[in-house]
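Chemist: Got a structure for you, questions after.
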Amino acid sequence: MFAFAGISPLRSLAAGLAGLLACGAACAQERVQTATNYAAPPDFSSGNAGWVTVGTEWTAVPGSPPPVTSDPAHPYVPNNVREQPTFRVADVANPNLTQFAKDELKKSNDEVLRGKAMYARESRCWATGVPAFLLNPGGPTYWLQTPDKIAMIWQLDHQVRHVYLNVPHSPAPKPSWYGESVGHYEADTLVVDTIGQNTKTFVDNYRTPHSEKLHVVERYRLIDGGKMLQADVTLEDPAVFIKPLQLTHRWRRMQGTLTESSCAEGEMYNPFKQDVEPIPSATQTDF
């Protein structure tokens, strides 16, 4: 039996119980208020869990303008549905698109209709940007959460997004592939605000363009008892959309650790002709 500062454990325990009884209802009420006011942030990374996308297209929130979908004359057929797969041809009659957006989509449509293999950009090892990163198919996305930063890692090419917590945006962030993402927690929801992206990416798998004015807000939360992850996404870009889009997307939980993946090594020896974009390469070494 140990003793601290000359006081035996039994005497210390007795003194603590006496103090608790004297405190009574006031202390109990304080504990209730503390428990009520405290909410741990949602944990998107526990138990070696990754998140696998449910589909590769956006779903509009009721009341939102529609996102870009396939041309009714050329419906999109994905893999593994017992039909001949097709490449995406966008519906340029979407009423929420500016003329600039329609013209850019028509360029991609024309390439597909001429017989060009218009694979998704991530299949050629290119960064997909925000928000198309959310639609990346195949392997899971893993989350690393710390008090100051979150990293989202897509397994199939180890693309990484960084979200910096509880800080403001830079006054004028330099445009980059994933822009500048800052976030904070609101009870059970992670809110991520992204600006400052370059114009080398798209907002969906139809190759809908965007300008450097693209503003993306994502709200992530766990649903279905933690088996599913949902993001409610707002897209604003006056160069592309007449009205902002309100979209939603979901992932299912998958248990398993992150595995190594290298896109470029496989694509250099791909037997299928994929000449939409060359494999990314650096103009100079990093060392």
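Coordinate-derived values only; no laboratory data. Not measured: the values here are computed from a predicted model. Note: ideal-geometry Cβ built from the backbone for every residue, glycine included; neighbour counts use all protein chains shown.
Chemist: Percent antiparallel among DSSP beta bridges with both residues in segment 46-267, to the nearest 5?
Modeler: On the way: 50 of 54 bridges.
Here the antiparallel bridges make up roughly 95 percent for segment 46-267.
Chemist: Which order results if TRP58, TRP177, TRP51, TRP143 are arranged by neighbouring Cβ count within 10 Å, fewest first?
Modeler: Values: TRP58 27, TRP177 16, TRP51 23, TRP143 20.
Result, fewest neighbours first: TRP177, TRP143, TRP51, TRP58.
Chemist: In percent, what relative contact order does segment 98-182 have, based on Cα pairs under 8 Å that are 6 or more apart in sequence? Can you show the working numbers first?
Modeler: On the way: 81 pairs, mean separation 16.8, N = 85.
After rounding, I find 20 percent.
Chemist: Right, something else. Sorted from fewest to most neighbouring beta carbons within 10 Å, what does the list SER64, SER46, SER181 look like?
Modeler: Numbers: SER64 18, SER46 10, SER181 23.
The order, fewest Cβ neighbours first, is SER46, SER64, SER181.
Chemist: Which number comes out as Rg/Rh for segment 46-267 once both Rg and the Kirkwood Rh are worked out on C-alpha atoms?
Modeler: Numbers: Rg = 17.3 Å, Rh = 18.2 Å.
Computed over Cα atoms, the ratio is 0.95.
Chemist: What is segment 46-267's relative contact order, in percent, from Cα pairs under 8 angstrom and six or more apart in sequence?
Modeler: Values: 478 pairs, mean separation 57.4, N = 222.
Relative contact order here is 26 percent.
Chemist: Short version: ³J(HN,Hα) in whole Hz for each residue of segment 156-173, in order, from phi by Karplus 6.51 cos²θ - 1.76 cosθ + 1.60 (θ = phi - 60°), x for Gly and Pro, what are they?
Modeler: With the stated coefficients, segment 156-173 comes to 5, 9, 6, 5, 10, 9, 10, 10, 9, 8, 6, 9, x, 5, 5, x, 8, x Hz.
Chemist: With θ set to phi - 60° and the Karplus curve 6.51 cos²θ - 1.76 cosθ + 1.60, what are the ³J(HN,Hα) couplings of segment 71-83 in order, to the nearest whole Hz, using x for Gly and Pro?
Modeler: 4, x, 6, 9, x, 7, 10, x, 6, 6, 10, 6, 10
Chemist: Treating only the Cβ atoms of Lys and Arg (+1) and Asp and Glu (-1) as charged, compute the dipole magnitude of segment 46-267 about its Cα centre; round to the nearest 20 debye.
Modeler: Working: 22 positive and 25 negative charges, 45 e Å.
Magnitude of the dipole: close to 220 debye.
Chemist: For segment 135-140, what does the Karplus curve 6.51 cos²θ - 1.76 cosθ + 1.60, with θ = phi - 60°, yield as ³J(HN,Hα) per residue in whole Hz, taken in order and with x for Gly and Pro?
Modeler: For segment 135-140, the Karplus-derived couplings read 9, 4, x, x, x, x Hz, x marking Gly and Pro.
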